[in-house]
Each structure stands twice: as C-alpha cells, then as structure tokens.
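Accompanying notes for the structure given below.
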Amino acid sequence: MQLNRLVNFHKTVGDKTRLRIVGLLKEGPLHGQAIAGKLGLTPPTISHHLTKLKEIDIVYQRRDKNTIYYHLNERKLNLLAGAITRLGDEEMNTEFQVTDEEKHKVLSNFMDSDGKLKSIPAQLKKRLIILEHILQGLEPGETYSELKINEHIKKYHEDYATIRREFIMHHFMTRDKGYYELNPRELWLIQ
C-alpha cells in the first residue's frame with residue numbers, strides 16, 4: 001500500500017478527459033456544466049471524471065449558492081506529479097530539511113521529560129519534526145488499524161484524532177478503509 005497512492009495517481013490522471021479537466025481547472029474554478037460544455041461531453045461523464053480526480057485529492061469542490069465549483073489542488077498535484085522523479089533523491093524537499101541540532105531543540109521544547117507532547121507546534125516545520133518523532137516505532141510496510149494508530153499516538157498526546165489527521169495531511173501515512181501505513185520517506189515533507 002505504500003506506493004499505491006503514487007500508482008493510483010498516475011492511473012487516474014492517465015486519462016485524456018481527466019488531463020483536459022486538469023488543464024481547464026488550471027485556469028481557475030469551473031462548475032460541472034461549464035466543464036462539460038468546454039469539452040463537449042455530457043454532465044454525467046464529467047461528474048464521473050471529477051469524482052475520480054477528487055478521490056486522489058487533486059480536485060476539490062466549493063458550493064456557491066446552488067452551484068458547485070471545482071478547484072484544482074495545485075499543491076497536491078505538484079507533489080504527486082513530481083514524487084516519481086524524487087524517489088531516492090536525497091535533495092528532495094529541501095525546504096523542510098532539518099539538522100539533528102534543530103530536531104533536538106524542537107523536541108526538547110515541545111516534549112516533556114516523560115516523552116509526552118506539551119502542545120502541537122503551530123509552525124509547520126516544527127510540527128513536521130514532532131510528527132516524525134511520534135512515528136518512531138511504526139514499521140514501513142506494516143498495516144495498522146485505526147485503533148492501533150490511536151493507541152500509538154496516545155503514548156505521546158491525548159488528541160490522537162488531530163495527530164492522525166496531520167499524519168495523512170503531511171504525507172507521512174496513507175489511510176485506506178480505516179487502515180494506515182507509512183508512506184515512503186520520499187513522500188514526506190521533512191527530510
């Protein structure tokens with residue numbers, strides 16, 4: 001399941017209609033009827049393709065009164081599209097590269113003497129360091145139930161739902177039908 005997300009992304013966008021939809025949404029948000037009209041396809045066909053793009057989180061929707069507008073999640077698109085070229089690349093995500101000294105400082109500021117998290121850092125770079133620390137003890141390739149992940153997180157912080165959500169949002173883990181697995185380090189923002 002570790003690389004499934006990357007494989008699923010490429011399978012999903014490997015369709016001419018979906019690529020054309022992505023191209024249209026790069027210009028700005030559109031509603032389904034507008035996309036159908038521009039591509040000369042029926043609304044149900046467009047709806048099907050938009051559902052597939054939403055499943056991999058590169059398209060999201062916002063309602064404006066009675067109309068649903070579709071937006072391109074460019075950050076996620078760029079991350080997933082570029083992930084294959086970064087596999088094994090030690091220079092990937094240099095924005096979030098941290099030294100051992102920085103990690104030590106953040107951990108000593110946010111963790112108490114019992115190893116519990118005092119508070120979740122507001123600053124992204126510090127939060128990523130904390131999340132990476134909490135992942136210790138979880139094995140790559142191992143699948144964990146939601147209950148097991150919650151128990152693991154509770155060793156560090158009582159708000160397991162927030163931490164679990166952060167793991168997914170920052171690409172440390174993938175969730176599939178209530179089961180969690182570590183993503184390859186190449187997909188993590190912190191290096």
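Between 124, 77, 53, which gets the highest mean-square fluctuation from a Gaussian network model of the chain, Cα cutoff 10 Å?
Checking each option, the largest mean-square fluctuation is seen for 124.
For residue 63 and residue 19, what does the FRET efficiency come to when R0 = 30 Å and r is the distance between their Cβ atoms, rounded to the nearest 0.05?
Efficiency at R0 = 30 Å is approximately 0.70.
If exposed means no more than 15 neighbouring beta carbons inside 10 Å and the site is in a DSSP loop, what's the longest run of the chain without any exposed trypsin sites (Lys or Arg not before Pro)?
1-64
Given the -39500 (n - 2.57) contribution per DSSP H run of 4+ residues, what per-residue ellipticity at 222 nm results for the chain, rounded to the nearest 500 deg cm²/dmol?
The helix contribution divided over the chain gives -15000 deg cm²/dmol.
For the chain, what % of the accessible area comes from carbon and sulfur atoms, probe 1.4 Å?
Using a 1.4 Å probe with all protein chains present, the chain comes out at 48 percent carbon and sulfur.
With label points built 7 Å along Cα→Cβ from the Cα atoms of residue 161 and residue 120, find their separation and express it in nm.
Each label point is offset 7 Å from its Cα along the Cβ direction, giving 1.1 nm.
Counting alpha carbon pairs within less than 8 Å and at least 6 residues apart, what relative contact order, in whole percent, applies to region 1-64? List each step's numbers first, then the result.
Values: 27 pairs, mean separation 22.3, N = 64.
Computed over region 1-64, the figure is 35 percent.
Take residue 55, project a point 7 Å from its Cα along the Cβ direction, then tell me which residues of region 160-176 have their backbone nitrogen under 19 Å from it.
174-176, by backbone N distance to the label point.
Could you give the accessible area per residue of the chain, probe 1.4 Å, as a whole number in Å²?
So the chain comes to 58 Å² accessible per residue, rounded to a whole number.
The values are calculated or read from the model by the stated rules, or taken from the named source; none is laboratory data. As the structure is a computational prediction, the values presented were derived from the model and not from experiment. A quick note on method: Cβ atoms are made from the backbone with ideal geometry, for glycine too, and the neighbour counts reach across all protein chains shown. Each accessible area value is taken on the protein alone, full model and side chains, heavy atoms only, with ligands, DNA and RNA left out. Shrake-Rupley method; radii C 1.70, N 1.55, O 1.52, S 1.80 Å.
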